[in-house]
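This report refers to the structure that appears directly beneath it.
The values are calculated or read from the model by the stated rules, or taken from the named source; none is laboratory data. These numbers were taken from a predicted model, which means no experiment stands behind them. Note that each Cβ is placed from the backbone with ideal geometry, even for glycine, and that neighbours are counted across all protein chains shown. Side chains are part of the model used for accessible areas, which takes the heavy atoms of the whole protein and leaves out ligands, DNA and RNA. Shrake-Rupley method; radii C 1.70, N 1.55, O 1.52, S 1.80 Å.
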Amino acid sequence: MKSLQKLATIALAIILMGSCTAQEEATTLKDALKDYFYIGTALNVPQVAGQDPQAIEIVKTHFNSVVAENCMKMMYLQPEEGVFFWDEADAFIEFAEANDMQVIGHTLVWHSQAPRWMFVDENGDQVSRERLIERMKTHVQTVVERYKGRVHGWDVVNETILDDGSWRQSPWVRIIGPEFVQMAFEFAHEIDPDVELYYNDYSVSRPEKRDGIYNMVKDLIDNGVKIDAVGLQGHLSMDFPTVEMKEEALQKLASLGVKVMVTEMDITVLPWPSRRHSAEVSLNYEISDEYNPYPNGLSEESYTALMDKYVDFFEMFMRNKDIISRVTVWGVDDNQSWRNNWPIRGRTDYPLLFDRDYQPKSAVTRIIELANAKKQ
Ligand code: G3I
């Protein structure tokens with residue numbers, strides 16, 4: 001009898017242990033990945049305004065970091081010189097705070113979505129170097145000051161290195177010179193010494209571009225500039241870049257002693273309308289059936305390949321958790337992704353982790369399982 005009781009006790013203990021492990025298994029992305037890195041998403045204005053409650057439910061359940069997809073960019077925050085518009089950015093930050101999420105500020109200085117007045121004087125001529133530096137300083141410092149202590153990190157400069165590793169000849173570079181980057185970082189740091197400061201760019205897996213960014217960041221560090229991390233956007237396609245290329249870029253940049261982050265991940269399954277892949281925002285091609293092959297749903301084969309691709313990348317991110325501080329996907333669900341309208345307007349793409357019916361794709365479960373399994 002005694003030995004029977006003993007056996008029953010052992011059996012009960014095993015069952016309890018089993019159920020404990022089951023209870024500890026995370027069921028959401030943010031819980032599963034919490035020992036790896038922050039998992040973020042980009043929010044648009046309608047979502048924050050409560051017009052897309054199903055998307056917001058997903059955000060609250062699965063993500064612990066958020067970035068504004070558009071409303072904190074220069075042309076929205078300062079549409080006219082000296083006239084700042086804060087409402088949408090304030091609402092975004094209040095949403096994040098109410099839900100205990102890390103806030104990423106995007107982006108202080110970028111060539112795209114900069115207001116037109118920024119680069120011209122009152123006569124419509126090109127603004128002087130001194131005046132542009134002053135305008136940049138005013139913008140950076142006014143914005144950083146307003147959200148001091150509330151933003152975890154800023155994308156200070158966005159996309160200033162081209163795919164071949166050279167400097168983009170944007171008005172910032174043409175009028176001020178490449179030193180505008182160091183100035184922008186210093187202006188931000190002067191106002192908020194505690195906030196993290198990032199450089200953010202796309203196609204960083206390209207060796208020439210990766211090395212151009214590496215050299216620029218190295219110069220900043222050598223000049224004593226505070227830079228906490230480099231963001232690799234991660235607007236991927238099915239065939240570019242490979243996991244290995246991305247891993248190499250992450251590791252090379254991290255070897256400078258900064259953190260690295262994947263800041264705008266999405267994966268398009270649609271054919272690319274030119275020979276060369278890029279995430280250059282100014283690209284715009286004509287729509288045709290050939291380039292919009294899945295208007296009514298993905299084929300099973302493409303869906304599986306896409307899911308595998310997501311899982312492969314996340315597996316690599318998890319392996320590199322010591323250098324990666326955050327992985328952010330660029331949007332919540334396929335319906336609202338910018339990819340439906342770029343580089344061709346009006347296509348149907350499937351680039352995110354949640355589908356048009358707000359359902360998690362199988363990659364979500366697989367990433368969660370992978371993270372749980374690696375913890376054991
Ligand atoms: O707000 C106007 C609206 O009033 C108007 O009716 C509508 C008509 O097209 O346009 C709206 O503006 C759009 C804006 O997004 C807000 O939705 C612009 O046309 C559109 O060009 C703009 O696109 C954004 C793009 O940056 C602009 O450069 C995308 O949503 C946004 O996802 C994208 O994000 C960038 C990152 O900031 C930096 N890295 C690359 C990434 C993708 O391009």
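Structure values in brief
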quantity: Length-normalised contact order of the chain in % [C-alpha pairs under 8 Å, at least 6 apart]; calculated: 17 percent
quantity: 3J(HN,Hα) from dihedral phi, region 195-203, Karplus parametrisation 6.51/-1.76/1.60, rounded to Hz, x for glycine, proline; calculated: 6, 6, 10, 10, 9, 10, 7, 10, 6
quantity: Carbon and sulfur %, accessible surface of region 250-328 computed with the full protein complex present, 1.4 Å; calculated: 44 percent
quantity: Inter-part distance where region 111-154 and region 187-202 are each reduced to a Cα centre, Å; calculated: 15 Å
quantity: Positive-pole candidate from Leu370, Met265, Gly50, dipole of the chain, charges at beta carbon; calculated: Leu370
quantity: Percent antiparallel among DSSP beta bridges (both partners in region 28-375, rounded to 5); calculated: 10 percent
quantity: Sequence ranges 187-196, 255-264, ranked by mean other-Cβ count within 10 angstrom, highest first; calculated: 255-264, 187-196
quantity: Surface accessible to a 1.4 Å probe, per residue, for the residues of the chain, Å²; calculated: 45 Å²
quantity: Burial order of peptide ranges 297-308, 175-186, 216-227, 198-209 (average beta-carbon count within 10 Å, highest first); calculated: 198-209, 175-186, 216-227, 297-308
quantity: Amide hydrogen neighbours beyond the local backbone of Thr328, cut-off 5 Å, H modeled; calculated: Gly40, Val262, Thr263, Glu264, Met265
quantity: Size of charge dipole - region 28-375 - debye, nearest 20, with Cβ of Lys, Arg +1 and Asp, Glu -1, no other charges; calculated: 520 debye
quantity: Percent RCO, i.e. relative contact order, over region 40-160, from Cα pairs under 8 Å lying at least 6 residues apart; calculated: 27 percent
quantity: R0 of 22 Å, Cβ-Cβ distance Gln169-Asp125: FRET efficiency to nearest 0.05; calculated: 0.75
quantity: Sites Glu208 and Trp86, calculated FRET efficiency, Cβ-Cβ separation with R0 56 Å, nearest 0.05; calculated: 0.90
quantity: P(r) of region 188-338 over all Cα-Cα pairs, binned every 5 Å from zero, in whole percent; calculated: 2, 8, 17, 20, 18, 14, 10, 6, 3, 2, 0
quantity: Cross-link table Lys137/Lys309; Lys73/Lys218; Lys60/Lys226; Lys34/Lys137, entries beyond 30 Å C-alpha to C-alpha; calculated: Lys137/Lys309; Lys60/Lys226; Lys34/Lys137
quantity: Cut-off 15 Å between beta-carbons: net charge of the residues surrounding Tyr358, Lys and Arg +1, Asp and Glu -1; calculated: -3
quantity: Filtered GluC sites (Glu not before Pro), region 92-130: DSSP coil and at most 11 other beta carbons within 10 Å; calculated: Glu122
quantity: Mean ellipticity per residue at 222 nm, deg cm²/dmol - from DSSP H runs of n ≥ 4 across the chain, formula -39500 (n - 2.57); calculated: -12500 deg cm²/dmol
quantity: Integer Hz, Karplus 6.51/-1.76/1.60 couplings in order for region 142-159, x for Gly and Pro; calculated: 5, 6, 5, 4, 4, 10, 4, x, 10, 9, 6, x, 10, 6, 6, 10, 10, 6
quantity: Average projection area in nm² (convex hull over Cα atoms of the chain, one quarter of hull surface); calculated: 22.7 nm²
quantity: Computed label-point distance, nm, for sites Thr242 and Asp357 using a 7 Å Cα→Cβ extension; calculated: 3.7 nm
